[in-house]
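Below is one structure, written out as structure tokens, with a few remarks after it.
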Amino acid sequence: MILVIYAHPYPKHSRASRRLADAVRDLPGLVMHSLYDRYPDFDIDIAAEQAALTKAKLVVWLHPVYWYSTPGLLKHWLDKVFAYGWAYGPGGVALRDKHCLWVPTTGGDEADYRATGMHEQPFESFAAPLKETARFCGMQWEPPLPLHGAHTITDTALDDAAQIFRARLMAFSALHVEQSPPTASRSGTPS
Ligand SMILES: Cc1cc2nc3c(=O)[nH]c(=O)nc-3n(C[C@H](O)[C@H](O)[C@H](O)COP(=O)(O)O)c2cc1C
């Protein structure tokens, strides 16, 4: 039901996004694809990624922000997997109505992403390429869950953020879990 696309070039050296990934990877119905582990040579198995997406109701993009964007392999994944005739264009309805949650980690803290801050723009403005990609493919963009100040955040605050992420995914599952139809009750009196 939930597909987490985790894109960290050095997953073993990550602190922030790895903690977030570790907080959710055991959730029932969740599949995680660590792109740099799966495709170190960037040779993406498009059919396998599309099959995983087809099964998902929620697609999570979890990654560190690099130059206001995604790490290169996540961009490449989008280029290859969100294909014409599959994700968009004639007959391209595979992603329609799926939900999309962006979970970026940033070195900059919240103050850096203000008009007066180092990055001069609100962080939401950097969501535009991903948000519009999702929208263009008919996906529903969920309110993002950014983690700022990844270098300075305390272990306790990072644990709290990880638990908030976990709770968010659990809430999604609880809301969208498919109810199996109730078993028909027998009518009439036993003979
Ligand atoms: C190549 C590169 C580019 C980066 N660009 C940004 C950026 O544009 N904005 C920002 O806030 N942090 C930037 N950072 C900091 C990363 O977002 C930060 O190191 C990461 O979120 C930490 O998460 P991790 O512990 O999972 O690696 C950059 C880091 C690198 C290595």
With R₀ set to 30 angstrom, the calculated FRET efficiency between the beta-carbons of residue 135 and residue 13, to the nearest 0.05, is 0.35
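Ordering 173, 17 by how much accessible area each has at a 1.4 Å probe, largest first, what is the list? Don't jump to the answer; show the numbers that get you there.
On the way: 173 30, 17 0 Å².
Greatest to least solvent exposure: 173, 17.
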Probe 1.4 Å, accessible area per residue of the chain, Å²: 57 Å²
Built amide H within the under 5 Å cut-off of residue 102, gap 5+: 61, 142, 145
Sites residue 45 and residue 127 - FRET efficiency at Förster radius 30 Å, r taken between beta-carbons, to 0.05: 0.65
Taking the dipole about the Cα centre of segment 47-165, with the C-beta of Lys and Arg at +1 and of Asp and Glu at -1, give me whichever of 103, 60, 85 is farthest to the positive side. 85
Suppose the chain between residue 79 and residue 114 were pulled fully straight at 0.36 nm per residue; how much longer would it get relative to their current alpha carbon spacing? 9.5 nm
Rounded to the nearest 5, what % of the DSSP beta bridges within the chain are antiparallel ones? 5 percent
Which of the trypsin sites (Lys or Arg not before Pro) across segment 96-163 are loop residues per DSSP, with 12 or fewer other Cβ within 10 Å? 96
How large, in percent, is the carbon and sulfur part of the accessible surface of segment 2-176 at a probe radius of 1.4 Å? 56 percent
With +1 on each Lys and Arg Cβ and -1 on each Asp and Glu Cβ, how big is the dipole of segment 85-177 about its Cα centre, in debye rounded to the nearest 20? 520 debye
Return one quarter of the surface area of the convex hull spanned by the alpha-carbon atoms of segment 2-176, equal to its mean projected area, in nm². 9.9 nm²
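The values are calculated or read from the model by the stated rules, or taken from the named source; none is laboratory data. Every value quoted in this text rests on a predicted model; they were computed, and no experiment measured them. Ideal geometry is used to build each Cβ from the backbone, glycine not excepted, and the neighbour counts take in all protein chains shown. What goes into the accessible areas is simple: the full protein's heavy atoms, side chains included, and nothing from ligands, DNA or RNA. Shrake-Rupley method; radii C 1.70, N 1.55, O 1.52, S 1.80 Å.
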